[in-house]
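The values are calculated or read from the model by the stated rules, or taken from the named source; none is laboratory data. Bear in mind that the values here come from a model prediction, so they are computed numbers and not experimental data. We place every Cβ from the backbone using ideal geometry, glycine too, and count neighbours over all the protein chains shown.
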Amino acid sequence: MSSKLLNKEDVNKALEKSLSDIFENDRFKDMLNVMAHANNYSLNNTILIVAQKPNATQVMGFNDWRKMGRSVSKGEKAIKILAPYMKETEMEKIDPATSKPVLKEGKPVIEKVKFPVGYFQVNVFDVAQTQGKEISNVNDFIKYNMKNDEYIEKVYGDYKKFLTETKGLEINEKETEKGVGGSYNRVTNEIIVSVNENRNNTEKFHVLIHEYAHSLLHHKDSEMKNLPRGHREAQAESTAYVVSQYYGLDTSDTSIGYIAHWAKDMKVAKKALEEIQVVSSTMIDEIDRMQKENIKSFYVDQSKSYEEAKKHLVDYHQLSEKVFNPKNKQETRLELINKENGYILSGVIEYNQKEENHYIRTNRNLIEPLSEISKEGNLAVLNIEKELDQLKEFSLHSRIPEHYEVVEVKGAYIIQSSNGQDVISKSFSNKDEADEFYKRSSMAQALHKNTMIEKDKHHDQLKDNIQTVRQDIREQVNTSVSEYINTYDKKKMFRPTGTHGVTIGWTLLKNPHLKTVGDLEKFEKENKLNPSYRDLGEALGASVNENSKKEKMKVLVVEEEYEKTQ
């Protein structure tokens, strides 16, 4: 398909070709899988997704992934789906009861109406094409519960009761002939679930869905009641497969016959798929509503983490509550640490009108939910860099070496604030790993502050003492770099000078395998032509030379003291 606006004929040709490819390449189960996992898309877009990425499980647009804290991996090819192009026009309002124009004071009422005039392509991506924050959603929560036989026994029992009381079905469990898991009688509207052919509640649940599909599609007044038996069975089993897949139930024994006949006529095939999608969506909606209390508890937990994060920012970090006013337009920025890898980043608090909550947009342009800075989240707040557009005094900033320490808790090691209220790392099995995280994070924080003071447009608020602040931050950088290297290099004490610590520090952060002066010198020789490291040689030379002078002075002092004692 081209990038121009597509008309209905273009779309139908593309869909027919994609659907034909699905059948010819034996991807019918892929179609059902995507229908189960990406059930928020129309059938047409589901067909297009399967044709381009048959193993897709969760599909969203670029910006939606960013809001979830994930980014599309470099080099990934977008999945092209369709969105209608709507045009607005003025028309006479028609009374649906009389099919005549609505009149007011004898004149027709005019209303604005939107209608599609064509379709344009939209780029979406599967979760496998993205990277970033792990996603926790309600469907995963329900799937986890469904693995428990007692839980699914309750869902199965509740669903039987719901169908009996609201759909006029009679549902009974009886012994059946060998090989017959269940049946539906359209004359009596009775569903039978076999007690001898189904081994557990999961199988009974699957059979109930299958037979309920028959009752919705092939009841006595249905236009489809006289379709070939194979067609009807394929529809019912496909529906059961979609619903079972949605809830993470075992579908390995599912065998769907007859679909080869659908492949001979794309109109018949598409009609069958439309019916499967409608019926399976109906069932999923009904079953989810039965589990509303469990689903509600999931969202309560999510909301709890969000509220915990807000409270932590206000109570512990003294952030103004005005920051969380939806009408606030002034920027508030946090200094954050990733508990998993020790990266330091800036995050701006912004308000999402659609979701009606706040989130964090990082300087790497990733979207992180505010709940990520709750106790169980993957981010911790080190400092408030800027509040309501006012740059914070640097003297108030918490520095890792001064405010945090490696602490042993129940046989594991964490980096915790001295008052014990804030943890800024994951847990480590040994102290050396925790110390490595502590020292690298200290270095990363100092480098982050250096970048911020050099680039921030508002640092003129500190104009009276900007040089003192700059010098203080460079001293932090040089100290953290020397402490990191001297942990691994015992032969000589290493100390950067001036701005050279910034050059060396960023080299160490970008290349975690570099530990000693020798490592750095070897790396510099191998990367002489790399523009990113063009100043590294000068930085190392200045630092080492300065240290050599200090070492010589120490030797002279020691010798003088020794001679005085003789």
Examine the range 69-89 for a residue that is in a strand (DSSP E or B), touching a helix residue (DSSP H, G or I) at 6+ places or on another chain (Cβ under 8 Å), under 30 Å from Lys339 (Cα atoms) and of a type outside the set (Ser, Thr, Tyr), and state whether such a residue exists. yes
Of all residues in the range 351-408, which are of a type in the set (Gly, Ala, Ser), within 21 Å of Arg66 (Cβ to Cβ) and in contact with an Asp or Glu (Cβ under 7 Å, 6 or more places away or on another chain)? Ser374
Return the total of residues in the range 403-436 being modelled with pLDDT under 90, over 28 Å from the mean Cα position of the chain (by Cα) and among the charged types (D, E, K, R). 1
If you check Ser441 against the conditions, is it in contact with a Gly (Cβ under 6 Å, 6 or more places away or on another chain), among the polar types (S, T, N, Q) and surrounded by 15 or more Cβ atoms within 10 Å (Cβ to Cβ)? yes
Looking at the range 125-232, what strands (runs of 3 or more DSSP E) fall wholly within it and have at least 1 residues that are among the aliphatic types (A, V, I, L, M) and within 19 Å of Met290 (Cβ to Cβ)? 170-174, 190-194
Do we find that Lys426 is surrounded by fewer than 22 Cβ atoms within 10 Å (Cβ to Cβ), closer than 20 Å to His513 by Cα and touching a strand residue (DSSP E or B) at 6+ places or on another chain (Cβ under 9 Å) in this structure? no
Per the filter on the range 469-494, residues aliphatic (A, V, I, L, M) and either within 28 Å of Lys392 (Cα to Cα) or in a loop (DSSP other than H, G, I, E, B) (or both) are Val469, Ile473, Val477, Val481, Met493
Starting from residues that are surrounded by 18 or more Cβ atoms within 10 Å (Cβ to Cβ) and assigned to a loop (DSSP other than H, G, I, E, B), keep the ones in the range 342-377 and report whichever is modelled with the lowest pLDDT. Leu366
How do the pairs read when you match residues in the range 526-543 that are surrounded by 16 or more Cβ atoms within 10 Å (Cβ to Cβ) with residues anywhere that are of a type in the set (Phe, Trp, Tyr) and not in a helix (DSSP H, G or I), using Cβ under 9 Å and keeping only pairs 6 or more apart or on different chains? Ser543/Phe494
How many residues does the range 38-54 hold that are of a type outside the set (Ser, Thr, Tyr), out of contact with any strand residue (DSSP E or B) (no Cβ under 8 Å at 6 or more places or on another chain) and in contact (Cβ under 8 Å) with a residue 12 or more places away in the chain? 6
Looking only at residues that are surrounded by 14 or more Cβ atoms within 10 Å (Cβ to Cβ) and acidic (Asp, Glu) in the range 257-300, which one is modelled with the highest pLDDT? Glu275
Output the residues belonging to the range 495-508 that are in a loop (DSSP other than H, G, I, E, B) and surrounded by fewer than 22 Cβ atoms within 10 Å (Cβ to Cβ). Arg495, Thr497, Gly498, Thr499
Going through Val187, Val155, Val180, Val193 one at a time, which residue ends up being touching a residue at least 12 places away in the same chain (Cβ under 8 Å), among the β-branched types (Val, Ile, Thr) and exposed (fewer than 12 other Cβ atoms within 10 Å of the Cβ)? Val187
Inspect all residues belonging to the range 523-533 and state whether any of them is under 25 Å from Arg399 (Cα atoms) and assigned by TED's automatic domain parsing to the domain that holds Leu447. no
Closer than 26 Å to Lys154 by Cα, at pLDDT below 95 and either in the same structural domain as Leu19 (by TED's automatic domain parsing) or touching an Asp or Glu at 6+ places or on another chain (Cβ under 6 Å) (or both): is that true of Gly248 in this structure? no
Please tell me if Arg66 is among the basic types (Lys, Arg), crowded, with 19+ Cβ neighbours inside 10 Å and either free of Cβ contacts under 8 Å to residues at least 40 places away in the same chain or touching a Leu at 6+ places or on another chain (Cβ under 8 Å) (or both). yes
